[in-house]
Amino acid sequence: MKEFKHFIHGEYTSSATGKTFENRCPIDNHLIGIVHEAGETEVDAAVRSAKAALTGPWGKLTQAQRTALLNKVAARINERFDEFLEAECLDTGKPRSIAQHIDIPRGAANFTAFSETLANHPTESFRLDTPDGRGALNVGHRVPKGVIAVISPWNLPLLLMTFKVGPALACGNTVVVKPSEETPATTTLLGEVMNECGVPPGVFNVVHGFGPNSAGEFLTSHPLVNAITFTGETRTGEAIMRAASVGLRNISMECGGKNPALVFADCDLEKAVEGTMRSAFVNCGQVCLGTERVYVERPIYDAFLKRMKEEVAKLKLGPPDDATANFGPLVSLEHREKVKRYYDLAREEGATVEIGGGIPTMGGNLDAGAWIEPTIWTGLSDDARVIREEIFGPCCHIRPFDTEEEAITLANDTDYGLACAIWTENSSRAVRVAEQMEVGLAWVNSWFLRDLRTAFGGAKQSGIGREGGVHGLEFYTETKNICIKL
């Protein structure tokens, strides 16, 4: 049995209170290990260590030296690839085929990609005329924002955590990470890598726990935290915003989504089916960018629905070590209960269950795991809760539309605005529709195709701010203007 301790000032430490909680594997609910729950003492120690590191050896490194160090971190993650893969699969239950091609490689790459962006992004300068004719020179200068609180989610634990830690450290900040209580393993393991690569103590810290009256609340309300970056549900984001308002700390939030896919009759049908299968069911539907609402132009509606059902029927449920499996469990039994309640609600609201809709029989020890069937519904009204609320499970509702204007109206009729997918072979329509989508990311004939140089974030209740590329640099640094009178 493993023990997951906090990582503070380069050392693994227990909680002063002795409080712990269980980390269970969603594959069969076996106990992976015990996680130490941070109290105010541990969070305060982590934040103060991060604050002190800003003026220690870390703060004296040049940009090139920081980049070299973070490149070593990325390389070491890849050297210990199998350990990170095993930890991620145990925590999440996801198939190895997914984690080994997405989660771990991208988790490592986040340390190199943002260092390169910083090295190649100039600051501004302006020559200013003055009454004496001699002029002045204004030069932009970036400095680290300080101590960054990183609140990371459980669906892509390593990838989304390093998506924040990578640029934060590249810009010279220090971090205190609070990973999801469901998935503590890879964040904890990263502490070992930091020490192996010579990252100074206090630069990377980890505290475990929950939200209210636990590590999350203590961290986001700590007065020495300069900025907070969060990925998770909208209600938690609102609580963090309230905490950040004390002291006017900066925030960057990527929150919930109820993302639409718009499938036009002029699409490549097979391409649209393959892409929608991924967007609705990859990672067991536990992707903030996933499409739970699918709108299909009426002439191809029946054909599209038929093909989707055929492809869902081919999904193979199984544990990570089953090489033939491409569909894992949900992250926990608790989350399965939430998703199952929506499955039951869909029936109550009058949905036609086209496929799935229940809990599968897996056999043996697997029956104790958090398994659920991939599901397609039709027939719900546009005001049904299943259409309005984020489920975060392997499900989608497919509905016909008749005109482009109707499709746009239906897609935008939501409190959220994270992403959308548009399927059409008409380039004019693609641009026209994408420009009208009230989202932060609009994909055309693709989904989850990410260039780390581009902006990432949502509109409406899907978040505040943008990360990725130079947009992340804007959040993780303060730009000061130096005005030099000549």
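The test for being modelled with pLDDT under 95, open to solvent by 70 Å² or more (accessible area, probe 1.4 Å) and either more than 30 Å from Thr324 (Cα to Cα) or in a loop (DSSP other than H, G, I, E, B) (or both) does not hold for Pro131.
For the residues Cys284, Cys267, the requirement of being in contact with a Phe, Trp or Tyr (Cβ under 8 Å, 6 or more places away or on another chain) and on the phi > 0 side of the Ramachandran plot singles out Cys284. In the stretch 30-51, what residues are assigned to a helix (DSSP H, G or I), more than 17 Å from Tyr12 (Cβ to Cβ) and not hydrophobic (A, V, I, L, M, F, W, C)? Once the filter is applied, which keeps residues that are assigned to a helix (DSSP H, G or I), more than 17 Å from Tyr12 (Cβ to Cβ) and not hydrophobic (A, V, I, L, M, F, W, C), the stretch 30-51 yields Glu40, Asp44, Arg48, Lys51. Per the listing Ala351, Ala384, Ala368, the residue uniquely open to solvent by 40 Å² or more (accessible area, probe 1.4 Å) and not β-branched (Val, Ile, Thr) is Ala368. Does any residue of the stretch 401-415 turn out to be touching a residue at least 12 places away in the same chain (Cβ under 8 Å), assigned to a helix (DSSP H, G or I), of a type in the set (Gly, Ala, Ser) and out of contact with any helix residue (DSSP H, G or I) (no Cβ under 7 Å at 6 or more places or on another chain)? Yes, the stretch 401-415 contains a residue that is touching a residue at least 12 places away in the same chain (Cβ under 8 Å), assigned to a helix (DSSP H, G or I), of a type in the set (Gly, Ala, Ser) and out of contact with any helix residue (DSSP H, G or I) (no Cβ under 7 Å at 6 or more places or on another chain).
Within the stretch 269-296, residues that are open to solvent by less than 10 Å² (accessible area, probe 1.4 Å) sit with their Cβ atoms under 8 Å from residues that are of a type in the set (Phe, Trp, Tyr) and in a helix (DSSP H, G or I), at 6+ positions apart or across chains, in these pairs: Ala272/Phe304; Val273/Phe304; Val296/Phe304. Restricting attention to the stretch 425-443, does a residue exist that is crowded, with 19+ Cβ neighbours inside 10 Å and within 22 Å of Lys316 (Cβ to Cβ)? Looking through the stretch 425-443, none of the residues is crowded, with 19+ Cβ neighbours inside 10 Å and within 22 Å of Lys316 (Cβ to Cβ).
State yes or no: is Val294 modelled with pLDDT of 95 or more, within 18 Å of the chain's Cα centre (by Cα), at negative phi and not in a helix (DSSP H, G or I)? In short, no. The set of residues in the stretch 55-65 that are modelled with pLDDT of 95 or more and either crowded, with 18+ Cβ neighbours inside 10 Å or among the small types (Gly, Ala, Ser) (or both) comprises Gly56, Trp58, Gly59.
Just one of the listed residues (Thr186, Thr236) is within 19 Å of Thr162 (Cβ to Cβ), within 18 Å of the chain's Cα centre (by Cα) and either not in a loop (DSSP other than H, G, I, E, B) or not basic (Lys, Arg) (or both), namely Thr186.
Being in contact (Cβ under 8 Å) with a residue 40 or more places away in the chain, crowded, with 16+ Cβ neighbours inside 10 Å and of a type in the set (Val, Ile, Thr) is a property that Ile484 lacks. Could you tell me whether Asn78 is closer than 25 Å to Asp451 by Cβ and either open to solvent by 10 Å² or more (accessible area, probe 1.4 Å) or of a type in the set (Asp, Glu) (or both)? In short, yes. Each residue in the stretch 251-266 was checked for being under 20 Å from Thr403 (Cβ atoms) and crowded, with 24+ Cβ neighbours inside 10 Å, and 4 pass.
Entry remark, the stretch 26-54: residues being surrounded by fewer than 22 Cβ atoms within 10 Å (Cβ to Cβ) and of a type in the set (A, V, I, L, M, F, W, C) number 6 in total.
Checked against the criteria, Ile102 counts as of a type outside the set (Lys, Arg), at pLDDT below 95 and within 30 Å of Thr117 (Cα to Cα).
The values are calculated or read from the model by the stated rules, or taken from the named source; none is laboratory data. Being a predicted model, the structure only gives us computed values, none of them experimental. Every residue, glycine as well, gets a Cβ built from its backbone with ideal geometry; the counts of neighbours run over all protein chains shown. Keep in mind that these areas ignore ligands, DNA and RNA; they rest on the heavy atoms of the full protein, side chains included. Shrake-Rupley method; radii C 1.70, N 1.55, O 1.52, S 1.80 Å.
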